[in-house]
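Notes to accompany the following structure.
Each reported figure results from applying straightforward, stated rules to the coordinates on display, with no laboratory input. In this text the structure is predicted, and so the values were computed from the model without any measurement. Note: ideal-geometry Cβ built from the backbone for every residue, glycine included; neighbour counts use all protein chains shown.
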Amino acid sequence: MKTSVADLLSGDVVRRLAAFTASGPVVSCYLDVDGRRYVRPHDYQLEFERMARPLRERHPDAGPDLDRIEAYIRGGLDRSHTRGVAVFASEADGLWETVALPVSVSNRLVVNQHPQVKPLEAVVERAERFAVLLADRQRARLFVFQLGQLVDWSERFDRLPRHEDDRGELVKDQVRDHLDGATARHLKRTADALFELFNESGFDHLLVGAPNDIAGPLKRSLHPYVRDRIAAHLTVPVGAREDEVREAAVTAEDEVLRKRQAAEVDRLRSALGMGDGAAVGLDDVLRALVERRVDTLLVSDGFEAQGWRCSSCAFLATRGPNCPLCGTRMEQADDIVEEAVLEALHQSCAVEVCRENADLDVLGRIGALLRF
Ligand SMILES: [Zn+2]
């Protein structure tokens, strides 16, 4: 079954997958297919093969599912609006679900008794709403995107009176930002419409595209709640095609995410400097997680390490084999970082998988801001 982003946002898909019970193995695959990192399809196909190889040896019964996912990935993905894919497959129980995501995901491939939906759930939960306001002197268009999906929009056109329309030269001579009455009224109505949209659908961030001469007055006429949400300025013209607007929104979303991650890593560094409220390095972070003290988990993308997991008390450790907490013999985990991320999501911690953040790499590629 092919899932659209609209289905995903409704929450039905995550609920359905979470409730799925299997009699045989279930393969969950998350693949980063972002064209900026994986220029050729071959590049992300290799990444899939790298993850699949050890699983084929360890779980021969999951072979047909891995084959089917591989064929799907090799079959050519339309990457125009897709940066990540999630696939859930279980031949034995008739499960086949593909989700194309407009955001990147961390690569992971697991064989388990149930679909691994936590990362998908995290994508949905974190999907913030981005409003785009495009305006010129007569026209204004408003859009609200979530996960690259248009969820609300409105448009207004306030025709300039003929005589004011012809006063271009005069306007140029006027003091900067001083606008003729008709344009000022148009901007005021635009600001009102945007505030209405904010009250109806709500949005977390606002992106504004307007010519220089009206950008200032437009911003000043916005309601303070709305103005506070301005995240970026766009150079997209008011008449742009919807997919150009979407592309600009998705790109801005990426920048907002990177900035937020950089700010979180800065918080981590200063908390660490004050010796309060931070843990860094795998051992300390795992301990904080087991003690349920983690508020935000920060992990460098691609960080993997072997470790141990206690099936009796859920202790996570880098060294085994006996659980330091309850003494049970622990199971080896191929990737304890993965287990830590899942445990953090399970505890409803915020999780940031940071890309190309050298500051976090230096701190041991994993860190946590603590609640106490
Ligand atoms: Zn234990």
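Points worth noting:
- Relative contact order (percent, whole number), the chain, Cα cutoff 8 Å, 6+ residue spacing: 14
- Cut-off 15 Å (backbone N to label point 7 Å along Cα→Cβ of Lys259), residues of segment 202-233: 204-209, 227-233
- Highest-MSF residue in the chain out of Pro115, Pro321, Pro25 [GNM, Cα springs under 10 Å]: Pro321
- Along its first, second and third principal axes, ordered by size, segment 1-116 spans 39, 36, 21 Å in Cα coordinates.
- Hydrodynamic radius of the chain per Kirkwood, over alpha carbon pairs, in Å: 23.3
- Cβ-defined net charge surrounding Phe143, 15 Å radius [Lys, Arg +1; Asp, Glu -1]: -4
- Sites Arg36 and Asp243, calculated FRET efficiency, Cβ-Cβ separation with R0 25 Å, nearest 0.05: 0.90
- Other residues whose C-beta falls under 12 angstrom from the C-beta of Gly239 contribute a net charge of -1, scoring Lys and Arg +1 and Asp and Glu -1.
- For the listed peptides 211-224, 88-101, a ranking on the average number of other beta carbons within 10 Å per residue, highest first, reads 88-101, 211-224.
- Other residues lying with their Cβ under 10 Å from the Cβ of Ala18 contribute a combined charge of +2, Lys and Arg counting +1, Asp and Glu -1.
- Nearest-0.05 FRET efficiency for Asp228 and Thr21, computed from C-beta distance (R0 45 Å): 0.45
- Computing FRET efficiency as 1/(1 + (r/R0)^6) for Ser312 and Glu200, where r is the C-beta to C-beta distance and R0 is 51 Å, gives about 0.55.
- Anisotropy class of segment 213-351 from Cα gyration tensor, a/c 1.5 cut: prolate
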